[in-house]
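Data first, discussion second: the structure below is written as structure tokens.
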């Protein structure tokens, strides 16, 4: 027989150590390595506390608008609100300057696109100024219920007086 030894087959490299897959190596986050030294911590503190140049939307500008887009809408709404409040003041006899100013502000908020909650609160305020709240309905329903019971009694009495056709 053949006494020569067989050649060893080729094997894949070991998964432990240097031959391991590079994508499985532990990730090194830049900021976590930065925080390991005192200089790095000082640099990170400086970046965190540095004032921003344009830190987002200006205060009071609703979502979906830019400042230059909302300003003409506000000016138009303010002019409309002045006219509306003049008409309301004549119609509903509002004489106080403070009341007129509050009403004008509320009408202006209603006319400018903003959050729904703010617009509803402004509309409620305008209605409180201008419209009378409805009377309590419990009195009306009690009166109607009493009338209904009285009509049932009168119908019952009229049926009992009429001769039965049996």
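Of all the numbered requirements in (1) in contact with a helix residue (DSSP H, G or I) (Cβ under 6 Å, 6 or more places away or on another chain); (2) modelled with pLDDT under 90, residue 93 misses one, and that requirement is (1). When the residues of the stretch 51-74 are filtered to those that are at pLDDT 90 or above and loosely packed, with under 10 Cβ neighbours inside 10 Å, which remaining residue is farthest from residue 119 (Cα to Cα)? Ranking the qualifying residues of the stretch 51-74, first place goes to 68. Pairs linking a residue in the stretch 42-62 that is on the phi > 0 side of the Ramachandran plot to a residue that is at pLDDT 85 or above and in a loop (DSSP other than H, G, I, E, B), with Cβ atoms under 8 Å and 6 or more positions apart or on different chains, do not occur. Is it true that some residue in the stretch 2-11 is surrounded by 10 or more Cβ atoms within 10 Å (Cβ to Cβ), out of contact with any helix residue (DSSP H, G or I) (no Cβ under 8 Å at 6 or more places or on another chain) and at pLDDT 85 or above? No, every residue in the stretch 2-11 fails to be surrounded by 10 or more Cβ atoms within 10 Å (Cβ to Cβ), out of contact with any helix residue (DSSP H, G or I) (no Cβ under 8 Å at 6 or more places or on another chain) and at pLDDT 85 or above.
Here is a yes/no grid of residues against (1) under 30 Å from residue 67 (Cβ atoms); (2) at pLDDT 90 or above; (3) in a helix (DSSP H, G or I); (4) out of contact with any strand residue (DSSP E or B) (no Cβ under 9 Å at 6 or more places or on another chain):
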position	(1), (2), (3), (4)
114	yes, no, no, yes
122	yes, yes, yes, yes
139	no, no, yes, yes
142	no, no, yes, yes
154	no, no, yes, yes
158	no, no, yes, yes
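The values are calculated or read from the model by the stated rules, or taken from the named source; none is laboratory data. These numbers come from a predicted model, not from an experiment. Virtual Cβ from ideal backbone geometry, glycine too; neighbours counted across all protein chains shown.
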